[in-house]
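Have a look at the structure below, then the notes.
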Amino acid sequence: MTASGGFDALSWRPTLVGRECAVASGHYLATLAAQRVLDAGGNAIDAGVTAAMALAVLQPDIVSFAGVAPTLIYLEKEARVISLAGLGPWPAATDVGRLRREGGEAIPEGIVRTVVPAAPATHVEALRRWGTLTFEQAVAPALELARHGFYLYPFLHHGIESHAADFDRYVENRGIFRPNGQTPPVGSLLRQENLARTLWRLAQAERSRRGDRDAKLRAVHDCFYRGPIAAEIAGFHAREGGFLTRADLARFEVPVEAPIACRYKQYTVYSGDTWCQGIVLLEALKILERIDLPALGFNSSAYIHTVAEALNLAFADREAYVGDPKFVAVPVAGLLSDDYARSQLGRIDPNRAFGAMPQPGSPPGATAKPPVAALRRAHGKVPAPADTIYACVADRLGNAYSATLSDTSYDNPMVPGMGLSVSSRGSQSRLEPEHPACVAPGKRPRMTPSPALVLANGRFSMAFGTPGGDIQSQAMLQVFLNVNEHGMSLQQAIEAPRFGTFSFPNSFAPHTYLPGRLCVEGRIAQDSVADLERLGHEVERWGMGVWLAGAVCAIRRDPETGLLHAGADPRREAYALAW
């Protein structure tokens, strides 16, 4: 990047461009697995599910096969976007009083933060409704990687080593990731043989079921949620004092629903409903829609200030209004309306930062001014998030897949002999009864993973997403603007230096709050940083291209040529392919 606010002609990696298909994901082996599916005639859904299951093996410290998998799918023949709400609820027996006694102000670690696992059901349902592969075919790369192992790369080593004491608390976790009390060295072969056996049991359930493809895929679902695997999970939770039961597992089906969306100029941008934080991206886009962003100068102090303040307003509304729509009346239409965006834009002072989380707005449809829960101010650096990974695919038929996979394996015990941690996403629920994301039996946490899809003139335009907790909506917003406002190539847009505001309660327990905090990557010009400090931002300087700024993967369809452009973030092991 240039100090003048422009951007260099070249990126460190090329944008990958193909005529027929494209893949981008958080690990190169998952990307290659998806590409092999496409080469063999599979569609974007087949390839996406294949990549998603492989990523649960390749990044097992922060992605669980039994975790979360919010997924968006674009079907070209139907010209519509579908959301699979890949997030499970709190178990029916959840004891909120116990959570308060054990956790104090935040959900405690351990087995009590487990919610119903949604990823297996999500993958099976996507294959059953819109795929062409068998489960055994789709899971084959994940099974091979788990059984035979793969190169333990530096970022995975860092993730395990930085949580060494956490892994060591639990027998199964320690045995897989810290054998003999040591993190295996970079370059060693990481095998997950217990997970391989679990995946094989699911494939065998499909093989042994008589009937058509639909019946066989239902057998996979039933094996996990109603059969022997469910019995083992529920039995373990009963012995260890967890809330999850066989009844919770048996009743779970992944919701297939319409996503929420906003118009941004000629684009329609889609996200999952308010069980996730995707509305932050949408509201920020609406606030910024009327501004001539290129005229501010790319990554100038005026540009960063304006975008960050728009995000601060959206995050304040997240804190006040956003939660599981089955339990919370979220004023989605009002939050994404043109009139409300105009009023929110008017709250941004070009000469002064908020310096703290602003008060929530008053969107149309809000029944009353919401109470704001007590804010727990903190000091020090922005904490590293409990993280995530992402995958997207576009195929020769015009379909697209976008999914953000997650759930950590160091903050709750893995099921003995199964090699997997059941979703610990309860960490993002709140204990304040007035909070929209407060915990309740049957209610879903408001989670950070939030993939996106974009249509232009009713056709697929872009799929994108990232890991990173609260940086997700922010990194995604910046990449989208880099492409569609600043005219960057997709890879340039991904590699460009980023910033992130954290002037709101962190989504992860203990939900610390750093008023006025604005993080900037090292390649942002020092005079811009100095100006931001004069405007009242509390600037935290990140290094050059840090993983804390997210790891965006994206695919974009060129509207003139129809070619598919793919890019992946060098801040982590992410890679793209195209043909």
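Here are a few things to note about the model shown:
- Residue check: A356 meets all listed conditions (1) touching a residue at least 60 places away in the same chain (Cβ under 8 Å); (2) in contact with a Gly (Cβ under 7 Å, 6 or more places away or on another chain); (3) buried (at least 20 other Cβ atoms within 10 Å of the Cβ) but one, namely (3).
- Candidate set: region 96-118, residues that are under 18 Å from V422 (Cα atoms) and of a type in the set (D, E, K, R); chosen: the one surrounded by the most Cβ atoms within 10 Å (Cβ to Cβ): R113
- Region 366-378, subset touching a residue at least 60 places away in the same chain (Cβ under 8 Å) and part of a loop (DSSP other than H, G, I, E, B), residue farthest from P70 (Cα to Cα): A378
- Any helices (runs of 4 or more DSSP H) falling wholly within region 121-235 and containing at least 3 residues that are small (G, A, S): 135-148, 193-208
- Tabulated pairs, region 460-480, first under 24 Å from L75 (Cα atoms), second charged (D, E, K, R) and open to solvent by 10 Å² or more (accessible area, probe 1.4 Å), C-beta under 8 angstrom, 6+ apart or interchain: F460/E76; F460/R557; S461/R556; S461/R557; M462/R556; M462/R557
- Lone unmet requirement of (1) touching an Asp or Glu at 6+ places or on another chain (Cβ under 6 Å); (2) open to solvent by 30 Å² or more (accessible area, probe 1.4 Å) for A219: (2)
- Residues of region 525-557 satisfying the condition of being surrounded by fewer than 24 Cβ atoms within 10 Å (Cβ to Cβ), among the hydrophobic types (A, V, I, L, M, F, W, C) and assigned to a loop (DSSP other than H, G, I, E, B): A525, L535, W542, M544, V546
- Residues located in region 238-255, provided they are open to solvent by less than 60 Å² (accessible area, probe 1.4 Å) and under 26 Å from the mean Cα position of the chain (by Cα): G242, F243, L244, D248, L249, A250, F252, V254, P255
- Entry remark, region 256-275: residues being of a type outside the set (D, E, K, R), crowded, with 19+ Cβ neighbours inside 10 Å and in a loop (DSSP other than H, G, I, E, B) number 4 in total.
- Qualifying residue in region 158-179 (condition: more than 25 Å from the chain's Cα centre (by Cα), free of Cβ contacts under 8 Å to residues at least 24 places away in the same chain and open to solvent by less than 30 Å² (accessible area, probe 1.4 Å)): yes
- The residue that is nearest to A509 (Cα to Cα), among those in region 98-127 that are in contact (Cβ under 8 Å) with a residue 40 or more places away in the chain and of a type in the set (K, R), is R113.
- Only one of the listed residues (H511, H486) is in contact (Cβ under 8 Å) with a residue 12 or more places away in the chain and under 24 Å from E289 (Cβ atoms). That residue is H486.
The values are calculated or read from the model by the stated rules, or taken from the named source; none is laboratory data. None of these values were measured; they are calculated from a predicted model. We place every Cβ from the backbone using ideal geometry, glycine too, and count neighbours over all the protein chains shown. For the accessible areas, the whole protein counts, side chains as well, though only heavy atoms, and no ligand, DNA or RNA atoms are used. Shrake-Rupley method; radii C 1.70, N 1.55, O 1.52, S 1.80 Å.
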